[in-house]
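Just so it is clear, none of the values below were taken in a lab; they were calculated from the coordinates. Quick caveat, the model's predicted, so the values are computed rather than measured. Every residue, glycine as well, gets a Cβ built from its backbone with ideal geometry; the counts of neighbours run over all protein chains shown.
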Amino acid sequence: MACLVAALVALTIMAACAPLPPRNPMATWMPSKNHDIRKPQLIVLHFTNQGSVQQALDTLRTRNPDGPVSAHYLIGRDGHIYQLVSDTLRAWHAGPGRWGTITDVNSASIGIEIDNNGHVPFPPAQIASLIDLLTDLTRRWHIPRAQIIGHEDMAPSRKDDPGPLFPWATLAADGFGLWPDPIATLPDPPPGFDPWMALTAIGYSLDDPQASVRAFHDHFRGMRGNSLDAEDLRILSNLVDKIERGATEK
């Protein structure tokens, strides 16, 4: 009996000393089993398109009729941050698609769901928490601050989130995401400028060019439309210049 008690005590001590999965102290830990191993190089933003943060939590933590989905984080409208999957694991949030040379986005990204249906503004408290979370994630994982995209950017034929109402300019003011200089100051692109090559240089796929243009418009102009105009060309030229300058400065 004494030996059994001693063994139980030893097991208890070992369990207490076992390392916990990496967790972010900024967020409430709400673990989801829907994950596997991955390495973050990119952050993908989504809107939940559900009725409440609780409904989104239920969806992201259970087996659904269309198959299990998850994300690393969920941000409520009040700014509360929930963590569902460890940063070191592969959540199932992106699905088919690509960004630049990244073809398995789930393996290369951290997914952040934002409680919003895509038809109403994102509350300031929610965006403030997102900026705090992006600050933390890019610092800890050494993710380039420009490597923050929307779900529709990497899957434009399938997805439309976080949509034209998402405040990318607010994120850009804090240094997150690729963003153009003020439109009024942008020069015309140089002779021979190819906007389609510029879209691919940014990261968009041309498998469905019109869908990629729609995603570009949502992200950089906050509007719908699937054809490029002169202002688009000035923005694209400016963004490519920023990418090339960034590569040169590294």
### Task
Report the residue, chosen from ASN49, ASN64, ASN238, that carries the largest GNM mean-square fluctuation when the chain is represented by alpha-carbon nodes joined by springs under 10 Å.
ASN64
## Note on the structure
Summing -39500 (n - 2.57) over every DSSP H run of at least 4 residues in the chain and dividing by its residue count gives a helix-only mean residue ellipticity at 222 nm, to the nearest 500 deg cm²/dmol, of -11500 deg cm²/dmol
### Task
Starting with the fewest neighbours, write out SER109, SER129, SER70 ranked by other beta-carbon atoms found within 10 Å of each beta-carbon.
SER129, SER70, SER109
### Query
Once label points are set 7 Å from the Cα along Cα→Cβ at both ASP194 and THR101, what is their separation, rounded to one decimal in nm?
1.8
### Summary
Expected max-MSF residue from ASP58, ASP115, ASP160 in the GNM of the chain (alpha carbon, under 10 Å) is ASP58
### Query
So for the pair MET30, ILE183, with labels modelled 7 Å out along Cα→Cβ, what separation do we get in nm?
3.6
### Query
Hey, fewest Cβ within 10 Å first, where do ARG139, ARG98, ARG214 land in order?
ARG139, ARG98, ARG214
### Query
Separation between the LYS39 and VAL120 pseudo-spin-labels, each 7 Å from Cα along Cα→Cβ, expressed in nm?
4.1
### Query
Taking 0.36 nm per intervening residue step and subtracting the Cα-Cα distance, what contour gain separates ASP208 from LEU89 on full extension?
39.8 nm
### Task
For each of LYS39, LYS242, count neighbouring Cβ atoms within 10 Å of the residue's Cβ, then give the residues from fewest to most.
LYS39, LYS242
### Task
Compare ALA215, ALA201, ALA173 in a GNM of the chain, Cα atoms joined below 10 Å, and give the one with the largest fluctuation.
ALA173
#### Entry: Which label in (i) 1.16; (ii) 2.07; (iii) 1.20 gives the computed Cα Rg over 2.2 N^0.38 Å
(i)
### Query
Which percent of Cα pairs goes in each bin when the distances of the stretch 180-250 are cut into 10 angstrom slices starting at zero?
20, 55, 24, 2
